[in-house]
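One structure coming up, written as C-alpha cells, with questions to follow.
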Amino acid sequence: GAAPGCQPLPAEGADTKTYLWARYHEMKKLVYDLLPPGVCNLLNPAAIYANNEISLGDVEIYGFDYDYTLAQYSNLLHSMIFNTARDILIEQFKYPEGLGKYDYIPGFAIRGLHYDVQKSLLMKIDAFHYVQLGTAYRGLKPVPDEEVIELYGGTQHIPLYQMSDFYGKGPSLKQFMDIFSLPEMTLLSSVIDYFITHGIEFDQVHLYKDISDAIRDVHVKGVMYKWIEKDLEQYILHGDEIYAVLNRLVNHKKKLFLITNSPFSFVDKGMKHMVGKNWRDLFDMVIVQADKPNFFTDRRKPFRKLDDKGSLQWDKINQLEKGKIYKEGNLFDFLRLTGWRGSKVLYFGDHLYSDLADLMLRHGWRTGAIVPELETEIRIINTEQYMHSLTWQQALTGLLERMQMYQDAESKQVLLEWMKERQEIRSLTKNLFNPQFGSIFRTFHNPTYFSRRLVRFSDIYMASISCLLNYDVNFTFYPRRTPLQHEAPLWMDQLCTGCMKTPFLEEMVHIR
C-alpha cells in the first residue's frame with residue numbers, strides 16, 4: 001500500500017537503491033514545496049506559554065521575586081561577577097596568578113547544565129537522564145563521546161541516585177538553574193582549563209567548593225549590589241514596562257507582594273529606578289532577605305520588621321501590614337497571617353527550584369516562570385534556516401524508520417548515508433542555539449532536564465514579566481494539546497510546519 005503520489009514499492013529483486021533515493025528526493029521536494037513563505041515568524045517572543053490551564057480572572061494575588069523577575073539585568077553583570085570571583089580566587093584563595101588572563105566568555109554556557117564534581121565534567125542531560133553526546137566539556141574543551149561513555153561505565157545514562165535531590169544538588173552532580181550561575185560555570189571551566197593546560201594536579205571537590213564560595217562572596221558581601229546601585233541605567237532592563245505591569249494589576253484591584261533574597265536598600269534603589277519613589281504603595285507585602293528556598297519549607301525563622309531606613313526592629317510580628325518591610329520569616333507564618341491560599345495566588349520567579357517548586361507542589365499556588373532565554377531561542381526558531389532544517393530532519397527520520405526493512409548491502413549503504421545526514425542536520429540545528437550546548441529546552445529531539453522541570457513546576461512561562469501587558473487581566477491560558485506518541489500519526493505533524501501531507505500514514509495502516 002503505497003501512499004498517494006509515492007513511488008510504488010519495488011518488485012522482488014528490483015533495484016531498491018534507486019527506489020530509496022527516489023523516495024528521498026520526492027520527500028525533499030515535498031518538504032521544500034510545502035513550506036510556505038511566511039511560515040517562519042510563527043512564534044511570538046513576547047507571548048506567554050502555558051503548561052497548565054489557568055485563568056487570570058481567578059487570580060486575586062500576584063507575588064514576585066526580584067532579581068531576574070522584576071529586575072532583568074544586562075549581560076554586563078556576568079563579566080563583572082566572573083572577574084570579581086576570579087580575583088577572589090587569586091587574592092584570597094591563593095590560586096595561580098595566571099588565571100588573571102582569563103576573561104568571561106559570553107555564550108559559553110547555558111542554564112540547566114549539570115556538573116559532575118568528581119569527573120570535572122560540565123554537560124547537558126536530557127529528561128531521561130542521558131548525557132547529550134557532544135555537550136560534555138572538561139575545562140573549555142569538549143570530551144570525546146567514547147570517553148564520556150567509558151566514564152559512565154559504558155553508557156550515556158546517569159542513574160537517579162547520582163543525579164540530584166529535589167533542588168538539583170546530588171551527591172556528585174550539581175545542576176546550575178540560576179541565571180547568575182552562567183559566570184560560575186564559565187569560571188569553573190576556565191580554572192580547570194588553566195590547570196589542565198599547565199599540567200597542574202588539583203582536587204576536584206576543593207576546586208568546585210572554592211569557586212562556589214568565591215561566587216557566593218560576590219553576592220553575600222554585597223559587591224554585586226554596589227555595582228548595580230552605582231549604574232542602574234546600565235544594568236537594569238525594561239524598567240518602565242515593570243511599572244506598567246504593576247500599575248495595571250493594582251488598578252484592577254489585585255493584591256501584590258514581593259519575596260526576595262536581596263537586601264532592602266538594594267531592592268529599594270532598583271524599584272525606585274523602575275517604578276518611582278512611591279513603589280511601595282503598589283505592594284501589600286514586601287519581604288527581603290527571605291532565604292529562599294528555606295523560606296518555603298522551614299518554619300523556624302520568624303518575621304522581623306525593618307524601619308524605613310532598613311534598620312531591624314525587635315518586636316514580635318502578629319500581623320503583616322501594608323507599607324511595612326519584613327525580613328526573613330517563613331511561608332507558613334505568611335499563609336497564617338495573610339490567609340492567601342491556593343490557586344488564587346500566582347507567584348513569578350526565575351529559579352524553578354528555589355522559587356516555584358515548593359509553592360506549586362506543597363501549597364497549590366499557581367506559578368509563572370520567567371525564562372529570559374526564551375526570547376533569543378524563539379527568534380532562532382523563527383528563522384528560515386531552522387524551520388527548513390527541522391522539517392527536513394523530521395521527514396528524513398520518518399524515511400529512515402520506514403525504509404530500514406531494506407537490508408541488502410546497497411540499501412544499507414543508502415540508509416547509512418541518511419543517518420549521517422540526519423546527524424549533521426541535528427548538529428547544525430544545535431549550533432544555531434549555542435555551539436557548545438545547544439538549546440536550553442531540547443537535547444536534539446528530547447526535552448532537556450531543564451524543560452522537564454519547567455513543565456513540572458510552572459503553570460505558565462514567559463521571557464519577561466512585561467509579557468503580561470499583552471493579555472487582558474481576565475485572560476485564560478489554554479495549553480495546546482500535544483500528541484502522545486501513539487497519537488502522533490493522526491496529528492499530521494507536518495501541519496505545524498506547513499506540510500499538508502503526512503508521508504506513510506496510509507502505509508502504516510497496513511502494518512500488522
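The values are calculated or read from the model by the stated rules, or taken from the named source; none is laboratory data. Just so we're clear, the structure is a prediction, and the values are computed from it rather than from any experiment. Neighbour counts are summed over all protein chains in view; Cβ atoms, including those assigned to glycine, are modelled from backbone coordinates with ideal geometry. SASA here: full protein model, heavy atoms, side chains in, ligands and nucleic acids out. Shrake-Rupley method; radii C 1.70, N 1.55, O 1.52, S 1.80 Å.
Using a 1.4 Å probe on the protein heavy atoms, what percent of the accessible area of the chain belongs to carbon and sulfur? Can you show the working numbers first?
Values: 12760 of 24330 Å².
That fraction is 52 percent.
Let me ask another. Assuming 0.36 nm per residue, please report the length gained on full extension of the stretch THR383 to ASP217 beyond their Cα-Cα distance.
Numbers: separation 166, 0.36 × 166 = 59.76 nm, distance 4.10 nm.
Gain in length upon complete extension: 55.7 nm.
For the pair TYR478 and ALA244, how long in nm is the line joining their label points, each one 7 Å along Cα→Cβ?
2.7 nm
With a cut-off of at most 15 other beta carbons within 10 Å, and DSSP calling the residue loop, which trypsin sites (Lys or Arg not before Pro) in the range 44-148 qualify? Please list them.
Counting only loop positions with at most 15 other Cβ atoms within 10 Å, the trypsin sites (Lys or Arg not before Pro) in the range 44-148 are LYS94.
Mind running the shape call on the range 183-322? Use the C-alpha gyration tensor, a ≥ b ≥ c as the square roots of the eigenvalues: rounded below 1.5 for a/c, prolate if a/b tops b/c, oblate otherwise.
Here the range 183-322 falls in the prolate category.
Under a straight-distance cross-link criterion of Cα-Cα below 20 Å, which lysines are reachable from LYS141, leaving out those fewer than 8 residues away in the same chain?
LYS101, LYS119, LYS124, LYS174, LYS430
Rounded, prolate or oblate: which fits the range 108-220 when a ≥ b ≥ c are the square roots of the eigenvalues of the alpha-carbon gyration tensor, with rounded for a/c under 1.5 and prolate only if a/b beats b/c?
oblate
For the residue pair GLU53 and VAL205, what label-to-label distance in nm results when each label sits 7 Å from Cα along the Cα-to-beta-carbon direction?
Result: 5.1 nm between the two label points.
Normalising by the residue count of the range 91-200, find the relative contact order in percent from Cα pairs under 8 Å and 6+ residues apart.
Details: 146 pairs, mean separation 34.2, N = 110.
Relative contact order of the range 91-200: 31 percent.
Then there is this: Based on alpha-carbon centroids, what's the gap between the range 266-296 and the range 181-225 in Å, whole number please?
The range 266-296 and the range 181-225 have Cα centres spaced 30 Å from each other.
Relative contact order for the chain: what is it in percent, counting Cα pairs under 8 Å that are at least 6 residues apart?
Computed over the chain, the figure is 26 percent.
So if R0 is 25 Å, what FRET efficiency would ALA22 and LEU43 give, r being the distance between their Cβ atoms, rounded to the nearest 0.05?
It comes to 0.15.
Would you mind working out the accessible area per residue for the range 17-92, using a 1.4 Å probe, and quoting it in Å²? The partial results should precede the final answer.
Details: 3090 Å² over 76 residues.
With all protein chains present, the range 17-92 gives 41 Å² per residue.
Going through the range 253-309, which chymotrypsin sites (Phe, Trp or Tyr not before Pro) have at most 13 other Cβ atoms within 10 Å and a DSSP loop state?
none
Enumerate the amide H contacts of LEU121 below 5 Å, restricted to partners 5 or more residues apart or on another chain; note that Pro and chain-start residues carry no placed amide H.
Correct list: ASP116.
Can you give the extra length, in nm with one decimal, that the chain gains between TYR406 and ASN251 once fully stretched, where that is 0.36 nm per residue apart less the Cα-Cα distance?
49.1 nm
Quick check: pseudo-label points 7 Å beyond the Cα along Cα→Cβ at ASN278 and VAL455, how many nm apart are they?
With each label placed 7 Å out from Cα toward Cβ, I get 4.6 nm.
Which of [x] 1.02; [y] 1.14; [z] 0.95 is the computed Rg/Rh (Cα atoms, Kirkwood Rh) for the structure on display?
The value computed from this structure is option [x].
With the Cα gyration tensor of the range 261-373 giving a ≥ b ≥ c as the square roots of its eigenvalues, does the rule (a/c under 1.5 for rounded; else a/b larger than b/c for prolate; else oblate) give rounded, prolate or oblate?
oblate
Can you list which of the GluC sites (Glu not before Pro) found in the range 145-219 are DSSP loop residues with at most 11 other C-beta atoms within 10 Å?
On the way: sites: GLU146, GLU147, GLU150, GLU184, GLU201; in loops: GLU201.
When the GluC sites (Glu not before Pro) of the range 145-219 are filtered for loop state and at most 11 Cβ neighbours within 10 Å, GLU201 remain.
Averaged per residue, what accessible area in Å² does the range 252-367 show with a 1.4 Å probe, protein chains only?
45 Å²
Just report the Cα centroid separation between the range 94-164 and the range 424-438, whole Å.
Result: 17 Å between the Cα centres.
Mark the label point 7 Å from the Cα of ALA488 along Cα→Cβ and return the residues of the range 401-417 whose backbone N is within less than 18 Å of it.
Answer for this model: 401-405.
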